[in-house]
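Since the structure comes first, as structure tokens, the remarks are kept for the end.
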Amino acid sequence: MRDDPWRLPGKLRDALVKVTIGSDRICYSLYMAGVNDTSHEFNTLLTGPTSRRTLLRGGIVAGTLIAVPACVRAPVESVAVPRVEPLASITPAPAPFIEPAINPARIGGVRRALLEKALAARDTHRRTITKRDRIAVVDFGAGSSAPRMHLVDIANGRVTDLLVAHGSGSDPAHTGYLQYFSNVDGSNASCEGAFATSDYYVGKHGRSQRLLGLDPTNSNALARAIVVHGAWYAEPNMLATHGKLGRSQGCFAVGDAFLQRAFDHLGEGALIYAAKA
């Protein structure tokens, strides 16, 4: 009777059947089948003359056996287990910034139409206006005797009002009221639109702050040196004597005693919106 190539010892046959599952499970399958306990039986099969004939006749089974010896004695402990980070070491993602809702009606002392235009300009120029929790609104529709520079805290609706002068070119007769705007260099006039506060420097008016004009109506602000600075002619005592403030060369001039308050409120990257309501 011819040898049956599939008639192998019981435990080894079970191991061979499991080997065919896949190379990544060979060692595990042999270990579970108890091949380590039958290593003598396995070596006899490989080295004995009868077993060699059995392997040659077995075809696929023989090929499988040749691949097995390197894995038979591989310990299970050698399998790498991925490291799991403890929950305490995982940094939670920061909460997204939610801008507070703005109710223009809650912000008193500023003309509603002008405030809405200022808030719209802040959104239009959001890439440049990086400080979004506070703005300044300059109402050039009011006379220079009125505190028409409104420092607005968006978060709580608080408003601080300051006196501010306009340019001599905007009020040639010095009536105390701005007559018109100009963006032309050398005009000495105030210009309207959205400005972004920039860096500080020390000039002929002391510490001052440069402004970037963001609209076509004030695009020459930086070149014209339209800035925020302090001036004696913008102090409140000018009202008692003249009933109005003096005039600048187009800059936002406030009283020296109040300049730092404006700087502290605005900082760099804030919006100043100037217009007539």
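The values are calculated or read from the model by the stated rules, or taken from the named source; none is laboratory data. Worth saying up front: this structure is predicted, and the values here are computed from it rather than measured. Cβ coordinates were reconstructed from backbone atoms using ideal geometry, including for glycine residues, and neighbour counts include every protein chain displayed. Side chains are part of the model used for accessible areas, which takes the heavy atoms of the whole protein and leaves out ligands, DNA and RNA. Shrake-Rupley method; radii C 1.70, N 1.55, O 1.52, S 1.80 Å.
So here's what we get for this one:
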quantity: The stretch 141-158: number of residues that are surrounded by fewer than 16 Cβ atoms within 10 Å (Cβ to Cβ) and not in a loop (DSSP other than H, G, I, E, B); calculated: 1
quantity: Meets criteria (in contact with a Gly (Cβ under 7 Å, 6 or more places away or on another chain) and touching a residue at least 12 places away in the same chain (Cβ under 8 Å)) for ALA155; calculated: no
quantity: LEU239, sole failed condition from (1) touching a Pro at 6+ places or on another chain (Cβ under 9 Å); (2) open to solvent by 30 Å² or more (accessible area, probe 1.4 Å); calculated: (1)
quantity: Cβ pairs under 6 Å, 6+ apart, first in the stretch 110-132 and farther than 12 Å from ILE272 by Cβ, second part of a helix (DSSP H, G or I); calculated: ARG112/PRO104; LEU115/PRO104; GLU116/PRO104
quantity: Test result for ARG207, more than 24 Å from TYR233 (Cα to Cα), of a type outside the set (Ser, Thr, Tyr) and surrounded by fewer than 22 Cβ atoms within 10 Å (Cβ to Cβ); calculated: no
quantity: Residue check for TYR201: under 17 Å from ALA277 (Cβ atoms), at pLDDT 95 or above and surrounded by fewer than 21 Cβ atoms within 10 Å (Cβ to Cβ); calculated: no
quantity: Candidates GLY213, GLY141, GLY206, GLY169 - the one that is on the phi > 0 side of the Ramachandran plot and in contact (Cβ under 8 Å) with a residue 24 or more places away in the chain; calculated: GLY206
quantity: Answer from ASP264, ASP185 - the residue that is part of a loop (DSSP other than H, G, I, E, B) and among the acidic types (Asp, Glu); calculated: ASP185
quantity: Sole exception among (1) open to solvent by 20 Å² or more (accessible area, probe 1.4 Å); (2) closer than 21 Å to THR160 by Cα; (3) among the β-branched types (Val, Ile, Thr) for THR217, by number; calculated: (2)
quantity: Residue within the stretch 236-252 that is in contact (Cβ under 8 Å) with a residue 12 or more places away in the chain and under 30 Å from the mean Cα position of the chain (by Cα) present; calculated: no
quantity: Check on ALA225, aliphatic (A, V, I, L, M) and either touching a helix residue (DSSP H, G or I) at 6+ places or on another chain (Cβ under 8 Å) or within 21 Å of ARG148 (Cβ to Cβ) (or both); calculated: no
quantity: Meets criteria (assigned to a strand (DSSP E or B), among the aromatic types (Phe, Trp, Tyr) and open to solvent by 20 Å² or more (accessible area, probe 1.4 Å)) for TYR177; calculated: no
quantity: Test result for ALA277, at pLDDT below 95 and surrounded by 14 or more Cβ atoms within 10 Å (Cβ to Cβ); calculated: yes
